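Below is one structure, written out as structure tokens, with a few remarks after it.
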Amino acid sequence: MIVCSCNVLSDGQVREALGGRSDRPSVGAIFRHMGCEPRCGRCARNISAIVDQHAAVPADHCSGAGECDNCRADELAA
């Protein structure tokens with residue numbers, strides 16, 4: 001699912017950028033890691049929610065590749 005229309009970033013790309021990180025990076029840090037920057041800012045809340053979901057799972061449980069229930073939350077809710 002596209003979470004940033006301006007940069008055409010998907011939730012999967014954001015989760016991949018988080019990888020095995022155990023810290024909680026800022027939305028800006030995620031953009032910098034991906035080589036882009038926020039434009040309109042409407043995606044910040046969604047990206048922040050993905051970061052929160054990722055941070056809530058122990059690093060040894062989730063690779064950030066969409067394997068755990070937190071990564072698949074949108075898919076499971078449908």
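The values are calculated or read from the model by the stated rules, or taken from the named source; none is laboratory data. Being a predicted model, the structure only gives us computed values, none of them experimental. Every residue, glycine as well, gets a Cβ built from its backbone with ideal geometry; the counts of neighbours run over all protein chains shown. The protein model used for the area step is the full one, side chains on, heavy atoms only, and it has no ligands, DNA or RNA in it. Shrake-Rupley method; radii C 1.70, N 1.55, O 1.52, S 1.80 Å.
Set the Förster distance to 25 Å, then compute FRET efficiency between SER5 and HIS33 from the Cβ-Cβ distance, nearest 0.05.
0.85
For region 2-43, what % of the accessible area comes from carbon and sulfur atoms, probe 1.4 Å?
Of all accessible area on region 2-43, carbon and sulfur atoms account for 47 percent.
Based on the alpha carbon coordinates of region 1-44, what radius of gyration and maximum Cα-Cα distance (Dmax) apply, in Å?
Values for region 1-44 (Cα only, Rg and Dmax): 9.9, 28 Å.
Based on the Cβ-Cβ distance from SER22 to ALA49, what FRET efficiency comes out when R0 is 25 Å, to the nearest 0.05?
0.85
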